[in-house]
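Visitor: Please read through the structure below; I'll follow up with questions.
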Amino acid sequence: MSAPLHLDERQRAMLAEMGVRVWSPVTARAPQAPPAPQAQAAVPAAPAPLARAVVVPAAVAFAPAAPAGAMPVSVLAPPRVSAAAAPERAAHIAQLPWAQLQSAVSECRACGLCQKRQQAVFGVGPAPAAEPLDVLLVGEGPGEQEDLRGEPFVGKAGELLDLILQASGLQRGHGVFITNAVKCRPPANRNPEPEEMAQCAPFLAAQIAALRPRIVVAMGRFAVQATLGSSAPIGQLRGQLHRLQHDGRTPVVVTYHPAYLLRQPQDKARAWADWCLALDALDEARGAATPSA
Ligand code: SF4
């Protein structure tokens, strides 16, 4: 784990020359309140408060990133995809308290993905609190390791995600909740079917309503479908802010799935630009929530 770095102007100019974007929050990041205990996974110790600047660690890698600037906001009117779950079932799930929501996911047999799973993977991170969650990360579906361990983003893709979070001054479990569009593993890591996405959608909607994230990061095309209702390619959606289809308000940043980045490392620079956009949006959301003196 590399520590955040203090950089002077000369170092920053050198990094800029190398094509490395250094993310600088408007204000130093304050540590989050300790998360409530979670059944899914042990939460590591809280990260140290972030310094004024963070450099992407070498393992995340980088190349010339997209230029920083004013955050563009999507004017995309995405097409809705997939059928909806039965309204009565969705309404029932929407009113479940958090603990019962976890149980409902564990026991769910609403689609065929229940048949070969070891367990449903609810997600990992702090329970709903009085303060909104900072960041909700949405992936696609559990893989083999996630299915075995009951936690999203473990294995190589999870390691890369943890490095990205570290470079961003974030840490899983601390102001960050990680979940997937579908909670059960598609066999042989196939794509989830529209019907499976639809049946699982009320669980994600309930998680969003309970956690009230300041921003959402959608990683991969099925996460995009679940949060924006769009089937447009990632390359067309990334680089701008979207609004969560559930409330039309919460900023959503679209980026590549870490598993994709392991296969296509040349896109890591674009992914890092997306994370910088997400951090800018998070700072803005925090600032909007802070009453002026
Ligand atoms: S994927 Fe979702 S809807 Fe399907 S069985 Fe698992 S929890 Fe239920």
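Here, each number is a calculation from the coordinates, and none is a lab measurement. What you are looking at is a predicted structure, and each value in this text was computed from that prediction instead of being measured. Reconstructed Cβ throughout: ideal geometry from the backbone, glycine too, with neighbour counts over all protein chains shown.
Visitor: Roughly what would the spin-label model give for Ala99 and Ala209, points 7 Å off Cα along C-beta, in nm?
Guide: Roughly 2.0 nm, to one decimal.
Visitor: Return the percentage of antiparallel bridges among DSSP beta bridges fully within the range 84-289, rounded to the nearest 5 %.
Guide: Details: 5 of 18 bridges.
Of those bridges, close to 30 percent are antiparallel.
Visitor: Can you give the extra length, in nm with one decimal, that the chain gains between Glu107 and Ala289 once fully stretched, where that is 0.36 nm per residue apart less the Cα-Cα distance?
Guide: Numbers: separation 182, 0.36 × 182 = 65.52 nm, distance 3.68 nm.
Full-extension gain reported as 61.8 nm.
Visitor: Still on this structure, I have one more. For the residues Ile215, Ile93, what sequence is obtained by ranking on other C-beta atoms within 10 Å, fewest first?
Guide: Ascending Cβ contact count within 10 Å gives the list Ile93, Ile215.
Visitor: Follow-up. Mind giving me the nanometre distance, one decimal, between the label points for Glu193 and Arg249, set 7 Å out from Cα along Cα→Cβ?
Guide: It is 3.7 nm.
Visitor: Taking Lys116 as the anchor, which aspartates and glutamates have their alpha carbon closer than 18 Å to its alpha carbon, excluding any fewer than eight residues away along the same chain?
Guide: Straight-line reach from Lys116, under 18 Å: Glu107, Glu140, Glu144, Glu146, Asp147, Glu151, Glu193, Glu195, Glu196.
Visitor: Also, quick follow-up: Below 18 Å, Cα to Cα, which lysines can Lys268 reach? Residues fewer than 8 away in the same chain don't count.
Guide: Lys156
Visitor: Now for a separate question. Could you give the length gained by full extension between Ala232 and Glu131, i.e. 0.36 nm per residue of separation minus their alpha carbon distance, to one decimal place? The partial results should precede the final answer.
Guide: Details: separation 101, 0.36 × 101 = 36.36 nm, distance 3.28 nm.
Stretched fully, the Ala232-Glu131 segment lengthens by 33.1 nm.
Visitor: In debye, nearest 20: dipole of the range 84-289 around its Cα centre with unit charges on the Cβ of K, R (+) and D, E (-)? Kindly include the intermediate steps, with their values, before the conclusion.
Guide: On the way: 20 positive and 20 negative charges, 46 e Å.
Dipole size: approximately 220 debye.
Visitor: Calculate the length of the line joining the C-alpha centroid of the range 214-258 to that of the range 117-187, in whole Å.
Guide: 16
Visitor: May I pose another question? Once fully extended, how much extra length lies between Arg89 and Gln118, figured as 0.36 nm per residue of separation less the alpha-carbon to alpha-carbon distance?
Guide: Values: separation 29, 0.36 × 29 = 10.44 nm, distance 2.37 nm.
This chain segment gains 8.1 nm when fully extended.
Visitor: For the range 226-234, just list the computed ³J(HN,Hα) in residue order, Karplus coefficients 6.51, -1.76 and 1.60, θ = phi - 60°, integers in Hz, with x standing in for Gly and Pro.
Guide: 6, 9, 10, x, 10, 10, 5, x, 4
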